[in-house]
Amino acid sequence: MSLTAVSFLLFLISYLTDKRRILNGFLLTISMLLLMMSITVVVLKVEYLEPLKWILVLFAILFIFLTPFTIVFIAIYLIRNGRELIRKEGKKPTNLLSLTLGVAIILFIVSYAIFSQYLFPSIISIILVIAIFYGFWFFCYLVSTYLYFLHQPFRNKDFIIILGSGIIGEKVPPLLANRLDKGISFYYKQIKRKGKRAKFIVTGGQGPNESIPEGEAMARYLRNAGIPSDDILVEDKAVDTNQNQNMRFSKEIMEREMRDYKAIFVTNRFYLFRAGLYAKKAGLSIDGIGSKTASYFVPNAFIREFIAILFMYKSVHLLLFIPLALLAAAFLLYQ
């Protein structure tokens, strides 16, 4: 139990220090696993808890029995979701991730069933270990994202940064409109509760297939929604697709407007965590709020975000992966 307490204490320190860390999800997940192990040990040792032992046995049997079916269900769900996404959003490479992952899981299950007893069992086992390794980190990423999403910033802001995404000609598409509507809601709620007006910073440059800068399209949307022009600041130079420029250029605008300021950023929920990391890189000590996203878009989006974060911290993950790869190579040579 002491190890569980230490792990949870480390989680609290990490989370309260900085909510924008995958480490938060990792520490909380480890804490929960240690807690379950501790409870199991107590139940097995204490005699008068005998009835609970049978409950633990039942849970263990259900877990072992249901795990393969759960994995197959997830694979089928990802394939169906991927097909729906392609039908509604097109066959862009970034829209193929959930479909690809679902197919990969099915292919691995079939390969494992056919070859594990006959051909290349070591290679298949190594692939399984790597899949479990990154599956665990993906789960930690989801926990970190959910923890970050749960945090609700105070309504005392001077600026509301709306991060841009692609527009269609001069029109704001639904995905971006959701961000703007979320910012508008925060704007009016802050006025109602605190009597304080914030200024919008709509940030986004002009892409190759766009008639005007994204920032200008968003400003028009806000004006049509009744936001005074005096409360809208346009940043129309950022064209970096990972939105690091959006944060840096927005910071420059805020620093020109006032010396000490409080701000939030608004984006879609699936992008909230990575946007927080970009804000941190830009030297902004701000949090964000997330707008809703169509349900069919979510699985693919979270897979994409996880891959993007892996590349953001590729040196760290290489340090984690290299020992695993060396152990796998040594095992293959031994075999």
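The values are calculated or read from the model by the stated rules, or taken from the named source; none is laboratory data. If you're wondering where the values come from, they're calculated on a predicted model, not measured in any experiment. Note: ideal-geometry Cβ built from the backbone for every residue, glycine included; neighbour counts use all protein chains shown. Ligands, DNA and RNA are stripped out before the accessible areas are found, and what is left, the full protein with its side chains, is counted by its heavy atoms. Shrake-Rupley method; radii C 1.70, N 1.55, O 1.52, S 1.80 Å.
Among the residues of the range 64-81, how many are under 11 Å from SER98 (Cβ atoms) and open to solvent by 70 Å² or more (accessible area, probe 1.4 Å)?
Taking the range 64-81 as the starting set, the residues that turn out to be under 11 Å from SER98 (Cβ atoms) are 74-75, 77-81.
Now narrow it down to the ones that are open to solvent by 70 Å² or more (accessible area, probe 1.4 Å): 74, 77, 80.
So the count comes out to 3.
Does SER98 count as surrounded by 15 or more Cβ atoms within 10 Å (Cβ to Cβ), outside any loop (DSSP other than H, G, I, E, B) and more than 21 Å from the chain's Cα centre (by Cα)? Before the answer, list the steps.
Details: surrounded by 15 or more Cβ atoms within 10 Å (Cβ to Cβ): yes; outside any loop (DSSP other than H, G, I, E, B): yes; more than 21 Å from the chain's Cα centre (by Cα): no.
Against the criterion (surrounded by 15 or more Cβ atoms within 10 Å (Cβ to Cβ), outside any loop (DSSP other than H, G, I, E, B) and more than 21 Å from the chain's Cα centre (by Cα)), SER98 does not qualify.
Restricting attention to the range 202-216, does a residue exist that is part of a helix (DSSP H, G or I), free of Cβ contacts under 8 Å to residues at least 60 places away in the same chain, farther than 23 Å from ARG256 by Cβ and open to solvent by 30 Å² or more (accessible area, probe 1.4 Å)? Walk me through it before giving the result.
We begin by selecting, within the range 202-216, every residue part of a helix (DSSP H, G or I); these are 214-216.
From what is left, the residues that are free of Cβ contacts under 8 Å to residues at least 60 places away in the same chain are 214-216.
Restricting the remaining residues to those that are farther than 23 Å from ARG256 by Cβ gives none.
So far as the range 202-216 goes, no, none of its residues is part of a helix (DSSP H, G or I), free of Cβ contacts under 8 Å to residues at least 60 places away in the same chain, farther than 23 Å from ARG256 by Cβ and open to solvent by 30 Å² or more (accessible area, probe 1.4 Å).
It is to be established whether one or more residues within the range 252-265 are at pLDDT below 85, open to solvent by 50 Å² or more (accessible area, probe 1.4 Å) and within 24 Å of TYR15 (Cα to Cα).
The answer is no, given that none of the residues of the range 252-265 is at pLDDT below 85, open to solvent by 50 Å² or more (accessible area, probe 1.4 Å) and within 24 Å of TYR15 (Cα to Cα).
Starting from residues that are without any contact (Cβ under 8 Å) to a residue 24 or more places away in the chain and of a type in the set (S, T, N, Q), keep the ones in the range 12-27 and report whichever is nearest to LEU310 (Cα to Cα).
SER14
Quick one: which residue in ILE61, ILE114, ILE161 is open to solvent by less than 40 Å² (accessible area, probe 1.4 Å) and either hydrophobic (A, V, I, L, M, F, W, C) or at pLDDT below 85 (or both)? Give the derivation first.
On the way: ILE61 fails: open to solvent by less than 40 Å² (accessible area, probe 1.4 Å); ILE114 fails: open to solvent by less than 40 Å² (accessible area, probe 1.4 Å).
Within the list ILE61, ILE114, ILE161, the selection yields ILE161.
Please enumerate the residues belonging to the range 244-270 that are aliphatic (A, V, I, L, M), more than 27 Å from the chain's Cα centre (by Cα) and part of a helix (DSSP H, G or I).
To start, the set of residues in the range 244-270 that are aliphatic (A, V, I, L, M) comprises 247, 253-254, 258, 263-264, 266.
Imposing the further condition that a residue be more than 27 Å from the chain's Cα centre (by Cα) reduces the set to 253, 258.
ILE253, the sole residue that qualifies.
Checking the condition assigned to a helix (DSSP H, G or I), more than 30 Å from LEU27 (Cα to Cα) and not polar (S, T, N, Q), which residue from LEU128, LEU176 passes? Can you show your working first?
Details: LEU128 fails: more than 30 Å from LEU27 (Cα to Cα).
On inspection, the qualifying residue turns out to be LEU176.
Exactly one of (1) out of contact with any helix residue (DSSP H, G or I) (no Cβ under 8 Å at 6 or more places or on another chain); (2) surrounded by 14 or more Cβ atoms within 10 Å (Cβ to Cβ) is unmet by LEU142. Its number?
(1)
TYR188 passes all but one of (1) within 27 Å of PHE297 (Cα to Cα); (2) among the hydroxyl-bearing types (Ser, Thr, Tyr); (3) assigned to a helix (DSSP H, G or I); which number fails?
It fails just one condition, (1).
Can you run down the residue pairs with Cβ atoms below 6 Å, 6 or more apart or on separate chains, where the first is in the range 145-159 and under 17 Å from THR17 (Cα atoms) and the partner is open to solvent by less than 50 Å² (accessible area, probe 1.4 Å) and part of a loop (DSSP other than H, G, I, E, B)?
From residues that are under 17 Å from THR17 (Cα atoms), the pairs are TYR148/LYS19; HIS151/LYS19.
Determine, yes or no, whether ILE307 is within 26 Å of TYR146 (Cβ to Cβ), assigned to a helix (DSSP H, G or I) and open to solvent by 20 Å² or more (accessible area, probe 1.4 Å).
Details: within 26 Å of TYR146 (Cβ to Cβ): yes; assigned to a helix (DSSP H, G or I): yes; open to solvent by 20 Å² or more (accessible area, probe 1.4 Å): yes.
It is true that ILE307 is within 26 Å of TYR146 (Cβ to Cβ), assigned to a helix (DSSP H, G or I) and open to solvent by 20 Å² or more (accessible area, probe 1.4 Å).
Only one of these conditions is not met by TYR134: (1) buried (at least 22 other Cβ atoms within 10 Å of the Cβ); (2) without any contact (Cβ under 8 Å) to a residue 24 or more places away in the chain; (3) hydroxyl-bearing (Ser, Thr, Tyr). Which number is it?
Here TYR134 meets the rest and fails (1).
Which of the following residues is in contact with a Ser or Thr (Cβ under 9 Å, 6 or more places away or on another chain) and in contact (Cβ under 8 Å) with a residue 24 or more places away in the chain: ARG179, ARG197?
The conditions single out ARG179.
From the list LEU180, LEU176, which one is open to solvent by less than 10 Å² (accessible area, probe 1.4 Å) and out of contact with any strand residue (DSSP E or B) (no Cβ under 7 Å at 6 or more places or on another chain)? Break it down stepwise before answering.
On the way: LEU180 fails: out of contact with any strand residue (DSSP E or B) (no Cβ under 7 Å at 6 or more places or on another chain).
On inspection, the qualifying residue turns out to be LEU176.
Looking only at the range 272-298, which residues are under 19 Å from ILE22 (Cβ atoms) and in contact with a Leu (Cβ under 8 Å, 6 or more places away or on another chain)?
Answer for the range 272-298, where residues must be under 19 Å from ILE22 (Cβ atoms) and in contact with a Leu (Cβ under 8 Å, 6 or more places away or on another chain): ALA275, GLY288, GLY290.
Name the pairs: first residue in the range 258-286 and without any contact (Cβ under 8 Å) to a residue 60 or more places away in the chain, second residue open to solvent by 10 Å² or more (accessible area, probe 1.4 Å) and of a type in the set (Lys, Arg), Cβ to Cβ under 7 Å, at least 6 apart or on different chains?
Here the result reads ALA282/ARG248; ALA282/LYS251; GLY283/LYS251; LEU284/LYS251, each pair linking the range 258-286 to a residue that is open to solvent by 10 Å² or more (accessible area, probe 1.4 Å) and of a type in the set (Lys, Arg).
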